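For reference, the structure is listed below as structure tokens.
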Amino acid sequence: MTTVDYGVLSKARPEKRLLRRLKAHAGRNSAGRITMRHQGGGHKKLYRLIDFKQDKPNQPARVETLEYDPYRTAFIAKLSYPDGDKRYILAPHGLKEGDEIVTSESAPLKTGNRLKLKNIPVGYQVYNVELTPGRGGQLVRSAGSSAEVLSNAQGYTDLKLSSGEVRRVSWEGYASLGQVSNPEHNLTVIGKAGRSRWLGVRPTVRGTAMNPVDHPYGGGEGRTQRGTRKPKTKWGKVTGGRKTRNPKKRSSKFIVARKK
């Protein structure tokens, strides 16, 4: 079992005004039927309201605390503004208590600052990128991820995402400089079944261990081959080696290069 280093986080309690209790659905829809398997249980947790827009321009905010967020892989930072307002944001890697962060078109090129994409030079790493200007960051929000600015031209910015895909977005949208915090998240080894249960993940049964009625891989005496040419889901849908993106999707024209 391994865990990430939480020594960089503050010992302070979370800001009560920015907490919400979300109803747990255990993978069930409004009719009570399971639509997402292997969910349920887990430790109680409170949702932190995250400010993905950071829409207080030209107001430098001080980083009060760095905190753990049970609903996401990245760490979060609590900002304190001059007018007394406090907000949570996604913390970039390397941010420390006492640092200053500002959202501005002419902000210094410093980790955590938020600028319009057209004002960020080629080669810089960005995260929490807006797909639609004014809507708030939607791209590049998970732990350790970042996108590289490849070009700025004719109203669009080309970004190379961590998957290898090159995506074109409006350069009027905002993005934060740097890389999302907790880059060691992918090195975590769960170590035991109980730790998965704490996280709300229920047991997953292999298809080969099932009966033929329950899975395309089921049945047979002892260990047998898959018995089907292509890998399939429990419901017989082909998976692996098949494109699943809708060819008529309107945003396809903004994908310059597919992921590898």
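All of (1) surrounded by 10 or more Cβ atoms within 10 Å (Cβ to Cβ); (2) at pLDDT 95 or above; (3) not aliphatic (A, V, I, L, M) hold for Arg21 with one exception: (1). Residues in the stretch 108-147 that are part of a loop (DSSP other than H, G, I, E, B), basic (Lys, Arg) and within 20 Å of the chain's Cα centre (by Cα) were compared, and the one that is farthest from Lys53 (Cα to Cα) is Arg141.
I'd like the residue in the stretch 85-124 that is within 21 Å of Arg20 (Cβ to Cβ) and not aliphatic (A, V, I, L, M) and, out of all such residues, is surrounded by the fewest Cβ atoms within 10 Å (Cβ to Cβ). I'd like the intermediate steps shown before the answer.
Step one: list which residues in the stretch 85-124 are within 21 Å of Arg20 (Cβ to Cβ), which gives 85-91.
Checking which are not aliphatic (A, V, I, L, M) leaves us with 85-88.
Working: Asp85: 12, Lys86: 15, Arg87: 19, Tyr88: 21.
For the stretch 85-124, the residue satisfying everything is Asp85.
Within the stretch 203-260, the set of residues being assigned to a loop (DSSP other than H, G, I, E, B) and small (Gly, Ala, Ser) comprises Gly218, Gly219, Gly220, Gly222, Gly227, Gly236, Gly240, Gly241. Considering the stretch 189-202, the residues that are hydrophobic (A, V, I, L, M, F, W, C) and either surrounded by 10 or more Cβ atoms within 10 Å (Cβ to Cβ) or not in a loop (DSSP other than H, G, I, E, B) (or both) include one that is farthest from the chain's Cα centre (by Cα), namely Ala193. The residue list Gly218, Gly222 contains one member that is at pLDDT below 95 and surrounded by 14 or more Cβ atoms within 10 Å (Cβ to Cβ), which is Gly218. Within the stretch 32-77, the set of residues being surrounded by 16 or more Cβ atoms within 10 Å (Cβ to Cβ) and either outside any loop (DSSP other than H, G, I, E, B) or among the aliphatic types (A, V, I, L, M) (or both) comprises Gln39, Arg48, Ile50, Ala61, Val63, Glu64, Thr65, Leu66, Glu67, Ala74, Ile76, Ala77.
Based on this model, can you work out whether Tyr6 counts as assigned by TED's automatic domain parsing to the domain that holds Arg141, in contact (Cβ under 8 Å) with a residue 12 or more places away in the chain and aromatic (Phe, Trp, Tyr)? Even if it seems obvious, please write down each step before you answer.
On the way: assigned by TED's automatic domain parsing to the domain that holds Arg141: no; in contact (Cβ under 8 Å) with a residue 12 or more places away in the chain: yes; aromatic (Phe, Trp, Tyr): yes.
Taking the combined requirement at face value, the residue does not satisfy it.
Against the list (1) more than 16 Å from the chain's Cα centre (by Cα); (2) at negative phi; (3) surrounded by fewer than 18 Cβ atoms within 10 Å (Cβ to Cβ), the condition Val169 fails is (3).
The values are calculated or read from the model by the stated rules, or taken from the named source; none is laboratory data. Since the structure is predicted, the reported quantities are computational estimates derived from the model, not experimental observations. Quick reminder, even Gly has a Cβ in these numbers, built from the backbone with ideal geometry, and neighbours come from all protein chains shown.
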